[in-house]
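Shown next, in structure tokens, is the structure this report addresses.
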Amino acid sequence: MKVDAIATASNAKNHSFINKNIVIVDVLRATTTMIQACNNNCSNITPCLSIAKAKDIAAKITDEKLLGGERKGIKIKGFNLSNSPLEYTSEKVKNKHIIITTTNGTKALHYASPAHHIYIGAFINAKSVAHKLLEENKDIVIICAGTDGKFSLEDISCAGLIIHYLTMQAADLFLTDLAIAAHSLYTSNSQNLKDWISQATHYQTLTNLGLQKDIEFCLTINKYHIVPEYKNGLIRNKSLPS
Ligand code: 3SL
Ligand code: MG
């Protein structure tokens, strides 16, 4: 099984992922928020590239729905929710269809299609993602969303953690150079992961916005055992036994 990593959403453009399993990682905060919403039993998530598209899709959905997302880390005017995972509580999202647009995370999803499966990963479900990938035995590409077209420490470190779990359970893996680098970054910083990631640009941005609690949540490892999947324009929950 080949394991590759891609450093930013824009680097995923024009790649062919046919017959491969993809994991989209945007630790701070898009994929963490999507996993949290799925864990709290939202009915579906529709990720959108633009605010206009999100509004347009929301207008056509007749089910109970919520508009969520951010620009520059802040809730979009007229939207119900920001991109804080802490807002996506069961009380708010249960049985609701969430239409979400974020700066980098939804872009990474957009470039991932078509693929065999597209999974949603973050620190909060890293181990379950690795289990799911091993079960399916297909070549793997972990797409790190990055921040505004640039490489991000938190996403590559999370890719490294997923690769760490893969290497612990499978001997026949072929890791590309970036997959090796991600794995090495994670293992050499696993004892002080929060301090390591606190150097990241987006960590600083969210800290300056007073979103320390979001960061803490996003850096919690293996809180959940679900592996949401993106298929036919929708993200839905996929459960694994714990
Ligand atoms: O870039 C994204 O998709 C967002 O996760 C960024 S933020 O953390 O909500 O600012
Ligand atoms: Mg990010």
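The values are calculated or read from the model by the stated rules, or taken from the named source; none is laboratory data. What you are looking at is a predicted structure, and each value in this text was computed from that prediction instead of being measured. Here Cβ is always computed from backbone atoms with ideal geometry, including for glycine, and neighbour counts include all displayed protein chains. Protein only, heavy atoms only, side chains kept; ligands, DNA and RNA dropped before computing areas. Shrake-Rupley method; radii C 1.70, N 1.55, O 1.52, S 1.80 Å.
Out of all the residues in segment 108-127, which are small (G, A, S), assigned to a loop (DSSP other than H, G, I, E, B) and more than 10 Å from the chain's Cα centre (by Cα)?
Across segment 108-127, the qualifying residue is only S113.
Each row is one residue, and each column tells you yes or no for (1) away from ligand 1 (no atom under 16 Å from the Cβ); (2) within 19 Å of R236 (Cα to Cα).
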{"position": "V93", "(1), (2)": "yes, yes"}
{"position": "T103", "(1), (2)": "no, no"}
{"position": "H116", "(1), (2)": "yes, yes"}
{"position": "G121", "(1), (2)": "no, yes"}
{"position": "V129", "(1), (2)": "yes, yes"}
{"position": "K132", "(1), (2)": "yes, yes"}
{"position": "I140", "(1), (2)": "yes, no"}
{"position": "K150", "(1), (2)": "no, no"}
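Filter segment 131-157 for residues that are assigned to a loop (DSSP other than H, G, I, E, B), hydrophobic (A, V, I, L, M, F, W, C) and surrounded by fewer than 23 Cβ atoms within 10 Å (Cβ to Cβ) and give the result.
F151, the sole residue that qualifies.
Among the residues of segment 108-121, how many are of a type in the set (A, V, I, L, M, F, W, C) and crowded, with 24+ Cβ neighbours inside 10 Å?
Adding up the residues that qualify gives 3.
Looking at L86, L66, which one is within 15 Å of ligand 1 (Cβ to nearest atom), out of contact with any Ser or Thr (no Cβ under 8 Å at 6 or more places or on another chain) and modelled with pLDDT of 95 or more?
Of the residues listed, the single one that is within 15 Å of ligand 1 (Cβ to nearest atom), out of contact with any Ser or Thr (no Cβ under 8 Å at 6 or more places or on another chain) and modelled with pLDDT of 95 or more is L86.
Looking at segment 166-186 only, could you name the residues that are assigned to a helix (DSSP H, G or I) and open to solvent by less than 80 Å² (accessible area, probe 1.4 Å)? Write out each step before concluding.
The first filter runs over segment 166-186 and keeps only residues assigned to a helix (DSSP H, G or I), leaving 166-169, 177-186.
Correct list: L166, T167, L178, A179, A181, A182, H183, S184, L185, Y186.
Scan segment 187-219 for residues that are more than 16 Å from ligand 1 (Cβ to nearest atom) and open to solvent by 60 Å² or more (accessible area, probe 1.4 Å) and jot them down.
Hits for segment 187-219 are T187, S188, Q191, N192, K194, D195, Q199.
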